[in-house]
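Reviewing the structure listed below.
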Protein chains: 2
Amino acid sequence: MSPKSQFLSEILEQPTALRRLLAEGREPTAAAAAKIKQFAPEWALIAARGSSDNAARYAQYLLGAHNGLGVGLAVPSLISLYGAAPRMGRAAVIGISQSGQSPDIVGVVATAAKQGAVTVAVTNDPSSPLSRASSATLPLFAGEEKAVAATKTYTTELFALAMLSAELEGDAERKAVLEKVPGYVEQVIASVEGRVAQAAQGFANAGKLVVLGRGFNYSTAFEVALKIKETSYIVAEPYSVADLLHGPVAMIDEQFPVIVVAPSGAPQVDVPKLFDLLEKRGARVLAISDRADVLARAQFGLPLPADVPEWVSPIVAIVAGQLFAHALCVATGADPDKPRGLSKVTLTH
Amino acid sequence: MSPKSQFLSEILEQPTALRRLLAEGREPTAAAAAKIKQFAPEWALIAARGSSDNAARYAQYLLGAHNGLGVGLAVPSLISLYGAAPRMGRAAVIGISQSGQSPDIVGVVATAAKQGAVTVAVTNDPSSPLSRASSATLPLFAGEEKAVAATKTYTTELFALAMLSAELEGDAERKAVLEKVPGYVEQVIASVEGRVAQAAQGFANAGKLVVLGRGFNYSTAFEVALKIKETSYIVAEPYSVADLLHGPVAMIDEQFPVIVVAPSGAPQVDVPKLFDLLEKRGARVLAISDRADVLARAQFGLPLPADVPEWVSPIVAIVAGQLFAHALCVATGADPDKPRGLSKVTLTH
């Protein structure tokens, strides 16, 4: 057996990291929520790139469905390239960056703060420029992330946002759900770890694939695709089921590899129709789901724990995707810890 | 010579369609702008899918850089799947849909209208449900679009938004630029039409490719990729240059096909660095640009007219991309008018 890669070690570290955040994050979460409530924003704007941008996609559903907030994803280059500063004075502006270093993300938050917005940094480095530019910080407490592909900082970003949403709503039932999340992640590791190698063999010669998700797990589809692109050099494109039907479905043909992320929840109405379509076109399908009927219709299945409330399911489902991406990387002969052309901190201006 | 496809006919019809919109659209544009100014929105939210979602991406830069508006892209399924209605009462909410039929887009606008938002429909059918749900309509005056892949409704959507932005700003110089747009589109057709067949031969065996753009032309990268996916069944993934460097650059290797959309403007600072990287990795590059230095570094070049102001350049650059997508479709032996699995109106719930 070869020694464990950093990438895999950090995937397996996630239950511990999430437990630490649950404990250490209570106070900063309460402080940030109090500032936001006092400000009573008209809307929210999130600035992020890469994996953190997928955390922002999750926040669109989370803060929209549970906190009544319309959430836009910022266009950082409006400020960094065009020197334009759109009005953000009545918004809650959240910057998400594991390193807290990205100058364009810091730029959005600093500009918003000048305009009087309430600003929150979600970062693994509470002494970073992003944190210093913000009126409140949610530290991730994830410990140093050594692998180039983000894993534990992604799930802790999601979890920090979930904690903030529950605190803003002040809902005891949702807070109780948060306590169970580290255990769900342990469960998914246990149920998936032994299955990913076979599934990866079935996809290793792919070259290209699509990842489908919807609703809360639209974010998961993006993040699974990103992990695969970063580590296996396969062109992996994320889609919402709705957008796929608006055109790109044309490219799916015989043996085309498709990953369907479909935990139980509101979007499950689409799933049988989707499988009819994929079967008709002869696609090769990997399903990530807790539903027996979904797993039964796919060539490969990665089972998720049952009864995970949908709003925290992206924190659980992505771990199956991370383990699959790692296995795919190994199956294609690439080095999980040395993705070509990538460095840990990207200073985009 | 085989008869012209609908797809190609409608691409070539665009100068006429844009001229018609310039004339007929004056009054509705003034009426919509007056309503928005009176309302003085805190932010803007755009609901759209497919090609219209790429028009929304353009509007993020347009309304952000020229009208000081923070623009979010709506998550229609928040309402349609989760029954959630985020606060939109202080927003300008714009629904974009050529048919005006998409129930989830109509749902966002109708919900916003109930909350007191100012609402605008951008649609080719001013008697559509989207138009009826909105307080103002910008009709596209594009005539019936018969091809399944949207072309003239896309450029008229962009143009309607550009006219609205100039009217909101009340800037005479920008209004004078609008008058020149149909002519720019004529120029790009003349300079590109004879070159696309050779470029398409160079990309026909690709299977997958990426399309890069930034700033105002981030939207163009998405729309070029969508046209290719819809009609040539090639996996074409759009990226901003910044996001590519945040990870997915790893997948670019020897002969990997890349389309670079790079009209003159603020993001051109990135371009030489980008080409260094693409050359180092041995990528096969098609450039869409007015810049001689950019065209010189690419294996294939589609020249754009010179001196097009950046804020209208997406209306011009996409036409080169449409002509290339058509040529690629012909080169791969597909039927441009019968994309498999696509219908003109997708009723996404």
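Odds and ends about this structure:
- Flag for residue A:230 being acidic (Asp, Glu) and farther than 23 Å from residue B:227 by Cα: yes
- Flag if residue A:59 is touching a Leu at 6+ places or on another chain (Cβ under 8 Å), within 30 Å of residue B:216 (Cα to Cα), assigned by TED's automatic domain parsing to the domain that holds residue A:147 and assigned to a helix (DSSP H, G or I): yes
- When B:28, B:3 are checked against the criterion of being free of Cβ contacts under 8 Å to residues at least 60 places away in the same chain and of a type outside the set (A, V, I, L, M), B:3 stands alone in meeting it.
- Subset of region B:74-90 [more than 7 Å from chain A (Cβ to nearest Cβ) and either part of a helix (DSSP H, G or I) or touching a Gly at 6+ places or on another chain (Cβ under 9 Å) (or both)]: B:74, B:76, B:79, B:80, B:85, B:89
- Complete set of residues in region A:108-119 that are surrounded by fewer than 22 Cβ atoms within 10 Å (Cβ to Cβ) and either charged (D, E, K, R) or closer than 9 Å to residue A:130 by Cα (or both): A:110, A:114
- With respect to (1) at pLDDT below 95; (2) of a type in the set (A, V, I, L, M, F, W, C); (3) open to solvent by 20 Å² or more (accessible area, probe 1.4 Å), the lone exception for residue A:78 is condition (3).
- Count - residues of region B:91-106 that are under 16 Å from residue A:243 (Cβ atoms) and in a helix (DSSP H, G or I): 3
- Taking region A:85-107 as the range and being within 18 Å of residue B:64 (Cβ to Cβ), surrounded by fewer than 20 Cβ atoms within 10 Å (Cβ to Cβ) and not basic (Lys, Arg) as the test, the residues that pass are A:85, A:89.
- Options B:92, B:121, B:112, B:65; residue that is of a type in the set (A, V, I, L, M, F, W, C) and closer than 16 Å to residue B:49 by Cβ: B:121
- Entirely in region B:178-294, the helices (runs of 4 or more DSSP H) that have 1 or more residues that are surrounded by fewer than 21 Cβ atoms within 10 Å (Cβ to Cβ): B:196-203, B:241-245, B:271-280
- Residues (of a type outside the set (Ser, Thr, Tyr) and out of contact with any strand residue (DSSP E or B) (no Cβ under 6 Å at 6 or more places or on another chain)) located in region B:71-87: B:75, B:78, B:79, B:81, B:83, B:84, B:85, B:87
- Selection within region B:150-177 - of a type in the set (D, E, K, R) and surrounded by fewer than 24 Cβ atoms within 10 Å (Cβ to Cβ): B:167, B:169, B:171, B:173, B:174, B:175
- Output for region A:39-52, where each listed residue is at the interface with another protein chain (Cβ under 7 Å from one of its Cβ atoms) and surrounded by fewer than 24 Cβ atoms within 10 Å (Cβ to Cβ): A:42, A:49
- Among residues of region B:1-38, those that are open to solvent by 30 Å² or more (accessible area, probe 1.4 Å) and among the polar types (S, T, N, Q), counted: 5
- Only one entry of A:23, A:65, A:55, A:33 meets the criterion of being away from chain B (no Cβ under 13 Å), out of contact with any strand residue (DSSP E or B) (no Cβ under 7 Å at 6 or more places or on another chain), touching a residue at least 60 places away in the same chain (Cβ under 8 Å) and under 26 Å from residue A:180 (Cβ atoms), and that entry is A:33.
- Selection from region A:108-138 of residues that are more than 11 Å from every other protein chain (Cβ to nearest Cβ), assigned to a helix (DSSP H, G or I) and touching a residue at least 40 places away in the same chain (Cβ under 8 Å): A:109
- Scanning region A:120-149 for residues that are open to solvent by 10 Å² or more (accessible area, probe 1.4 Å) and β-branched (Val, Ile, Thr) gives A:137, A:148.
The values are calculated or read from the model by the stated rules, or taken from the named source; none is laboratory data. Bear in mind the structure is a predicted one, so any value in this text is a computation, not a measurement. No Cβ is skipped: glycine too gets one built from the backbone with ideal geometry, and neighbour counts run over all protein chains shown. These area figures cover heavy atoms from the full protein model, side chains too; ligands, DNA and RNA do not enter into them. Shrake-Rupley method; radii C 1.70, N 1.55, O 1.52, S 1.80 Å.
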